[in-house]
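The values are calculated or read from the model by the stated rules, or taken from the named source; none is laboratory data. Every value quoted in this text rests on a predicted model; they were computed, and no experiment measured them. We place every Cβ from the backbone using ideal geometry, glycine too, and count neighbours over all the protein chains shown. With ligands, DNA and RNA removed, areas are computed over all heavy atoms of the protein, side chains included. Shrake-Rupley method; radii C 1.70, N 1.55, O 1.52, S 1.80 Å.
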Amino acid sequence: MYSSEDAPPTTQNFIIPKKEIHTVPDMGKWKRSQAYADYIGFILTLNEGVKGKKLSFEYKVSEAIEKLVALLNTLDRWIDETPPVDQPSRFGNKAYRTWYAKLDQEAENLVATVVPTHLAAAVPEVAVYLKESVGNSTRIDYGTGHEAAFAAFLCCLCKIGVLRVDDQIAIVFQVFNRYLEVMRKLQKTYRMEPAGSQGVWGLDDFQFLPFIWGSSQLIDHPYLEPRHFVDEKAVNENHKDYMFLECILFITEMKTGPFAEHSNQLWNISAVPSWSKVNQGLIRMYKAECLEKFPVIQHFKFGSLLPIHPVTSSC
């Protein structure tokens, strides 16, 4: 992550990101790329930043963070303004396409509210990741690839110096948390399908990152252990402080039947002895199940900020 002293030069040539991973053998290019190194570095930096901290922890909220939250509030308001339509099929409400068309049209204007004018040239490049982060308007589905696009969007804002090192905690607790709320509202309102085959790519059908960062929050907790997250009482009492438990609460609201059946991978994780082991295991699983899976990464887009070329230097 950049500190203010080493923000990149504004003379950079920004480009519209595009897909580069077209076949399974292309996955090697992705794993060797600067984009992969920067993306995973960003995820791990944030993982370290929120370690052992509650959501109610006191942290600095910069103007850029406030503007990003305002951007997400706009997306939320548009959901209220675009109610689901009556249709025969229960899933994939077509009103989502109307909502998405509005974002498609307004994305650059929204990103321009966050990016200072001297960096205006970066807006079209960064806006692509925002548009990619809310689901697919053709299939009306959402999955971990869309979530990765949002993390990439935030990573790009760090690379151009809009977000700084001291924004780390707020990036997760304010911005990403607000993004999660908006995505859950989208999923519920428009009955979006999970992208990919159900539940295979993520721990729940839709998200992965809040489980990583959420387990980091719980490292060295005085009394909450991994076995407690399958206990309804523990979840109800602590979900407002910890993203991981908030995710569990959302799953139990959305799914019926025994937890061990509808969320088998999570059920297995509850047997792991410590949160640091859970956290390390989830990072490994994220790389294997999301970042190294062609059906997810074929949709990832590469530009000047997250380039496909092999690693030259680490940021």
State whether the residues of region 70-91 include one that is in contact with a strand residue (DSSP E or B) (Cβ under 6 Å, 6 or more places away or on another chain) and either outside any strand (DSSP E or B) or surrounded by fewer than 21 Cβ atoms within 10 Å (Cβ to Cβ) (or both).
-> yes
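Condition first: open to solvent by less than 80 Å² (accessible area, probe 1.4 Å) and closer than 20 Å to Asp104 by Cα. Can you find one or more residues in region 54-67 that meet it? It would help to see each step written out before you state the result.
If we filter region 54-67 for residues that are open to solvent by less than 80 Å² (accessible area, probe 1.4 Å), which is where we start, we get 55-56, 59, 61-62, 64-65, 67.
When the remaining residues are screened for being closer than 20 Å to Asp104 by Cα, the result is 67.
Among the residues of region 54-67, at least one is open to solvent by less than 80 Å² (accessible area, probe 1.4 Å) and closer than 20 Å to Asp104 by Cα, which makes the answer yes.
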Please tell me if Lys277 is of a type in the set (Lys, Arg), more than 23 Å from Phe150 (Cβ to Cβ) and over 23 Å from the mean Cα position of the chain (by Cα).
-> no
Looking at (1) crowded, with 22+ Cβ neighbours inside 10 Å; (2) of a type in the set (A, V, I, L, M, F, W, C); (3) under 20 Å from Asn73 (Cβ atoms), which is the only condition Val123 fails?
-> (1)
In the set Asp204, Asp231, which member is charged (D, E, K, R) and open to solvent by less than 20 Å² (accessible area, probe 1.4 Å)?
-> Asp204
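Mind checking which residues of region 1-26 are part of a helix (DSSP H, G or I), modelled with pLDDT of 95 or more and out of contact with any helix residue (DSSP H, G or I) (no Cβ under 6 Å at 6 or more places or on another chain)?
Pro25, Asp26, listed by residue number.
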Name, by its number, the condition in (1) of a type in the set (Gly, Ala, Ser); (2) open to solvent by 30 Å² or more (accessible area, probe 1.4 Å); (3) farther than 30 Å from Ser33 by Cβ that does not hold for Ala288.
-> (3)
Residue, farthest from Glu181 (Cα to Cα), within region 92-111, restricted to residues that are among the charged types (D, E, K, R) and in a helix (DSSP H, G or I) | Glu108
So, first residue among the polar types (S, T, N, Q) in region 272-284, second residue exposed (fewer than 15 other Cβ atoms within 10 Å of the Cβ), Cβ within less than 9 Å, six or more apart or across chains; the pairs are Ser274/Asp220; Ser276/Asp220
Among the residues of region 237-249, is any aromatic (Phe, Trp, Tyr), open to solvent by less than 20 Å² (accessible area, probe 1.4 Å), more than 27 Å from Ser137 (Cα to Cα) and under 19 Å from the mean Cα position of the chain (by Cα)?
-> yes
Just for helices (runs of 4 or more DSSP H) wholly inside region 250-315: which have at least 3 residues that are among the hydrophobic types (A, V, I, L, M, F, W, C)?
-> 264-269, 275-286, 294-297
Do we find that Ile219 is surrounded by 16 or more Cβ atoms within 10 Å (Cβ to Cβ), β-branched (Val, Ile, Thr) and under 30 Å from Val128 (Cα atoms) in this structure?
-> no
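May I ask you to verify whether Thr113 is without any contact (Cβ under 8 Å) to a residue 24 or more places away in the chain, at negative phi and not acidic (Asp, Glu)?
Criteria not met by Thr113.
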Quick check: is even one residue across region 264-273 open to solvent by less than 20 Å² (accessible area, probe 1.4 Å) and in contact with a helix residue (DSSP H, G or I) (Cβ under 7 Å, 6 or more places away or on another chain)?
-> yes
